[in-house]
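To start, the structure under review is shown below, and the notes come after it.
The values are calculated or read from the model by the stated rules, or taken from the named source; none is laboratory data. The model shown is predicted, which means the values in this text are computed figures rather than measured ones. Every residue, glycine as well, gets a Cβ built from its backbone with ideal geometry; the counts of neighbours run over all protein chains shown.
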Amino acid sequence: MPIRNILIVDDSPTERYFLNELLSKHGFTVTAVESAEEALTNLQTRLPDLILMDVVMPGQNGFQLTRQLSKDPATQNIPVIMCTSKNQQTDRIWGLRQGARDYVTKPVKVEELLGKIAALG
C-alpha cells in the first residue's frame, strides 16, 4: 500500500515545520502534532499510512507511544519511523524493540528519509 498520509509527532515547532514542508513538497498529506496525547486524539478520527515519531517529548515519550501503538489492534499495522536526535545504537535498538519499523536521526537527511518511506510503501 503506498504511503500518502503521514502523521508527525514532535514537540519542536521547527522540526514539525521542516518535516511538514519537506513531505508536502514530495506529495504527501501531512498532519503534525506536538505530543503523544495529541497524537492519540488524532488517531481516534484518522489513521495515517505512516507515523514519524520523535522520542524526547514532555509527557509520554516516543518510545512509550510507539510501544502503545504497536500493541493496539487499531494501530499496530501503522509503520512508525523514529525521527530523533537520540543517535546511540542502544536508542535505535530500543526504538525498534518498541515496534518502530525504522529509525532516522536529526538533522534529517532528505534522501535517507524519503528512501525509508519508499521502502515501507
Selection over region 64-80 where residues are crowded, with 22+ Cβ neighbours inside 10 Å and under 22 Å from TYR17 (Cα atoms) yields a count of 3
Of the candidates LEU43, LEU52, the one satisfying the condition of being closer than 22 Å to GLY121 by Cα, touching a Cys at 6+ places or on another chain (Cβ under 7 Å) and of a type outside the set (Ser, Thr, Tyr) is LEU52
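Yes or no, residue by residue, for (1) farther than 20 Å from ARG4 by Cα; (2) of a type in the set (A, V, I, L, M); (3) at pLDDT 95 or above:
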site	(1), (2), (3)
ALA32	no, yes, yes
ASP72	yes, no, yes
ILE81	no, yes, yes
THR90	yes, no, yes
ILE93	yes, yes, yes
GLY99	yes, no, yes
VAL104	no, yes, yes
LYS116	no, no, yes
GLY121	no, no, no
Pair list, Cβ < 6 Å and 6+ apart or interchain, from region 18-40 residues that are within 22 Å of GLN64 (Cα to Cα) and assigned to a strand (DSSP E or B) to residues that are at pLDDT 95 or above and not charged (D, E, K, R): THR31/LEU7; ALA32/ILE8; ALA32/ASN20; VAL33/VAL9; VAL33/ALA39; VAL33/ASN42
Residues in region 89-110: is at least one closer than 20 Å to GLU15 by Cα, exposed (fewer than 14 other Cβ atoms within 10 Å of the Cβ) and in contact (Cβ under 8 Å) with a residue 60 or more places away in the chain? yes
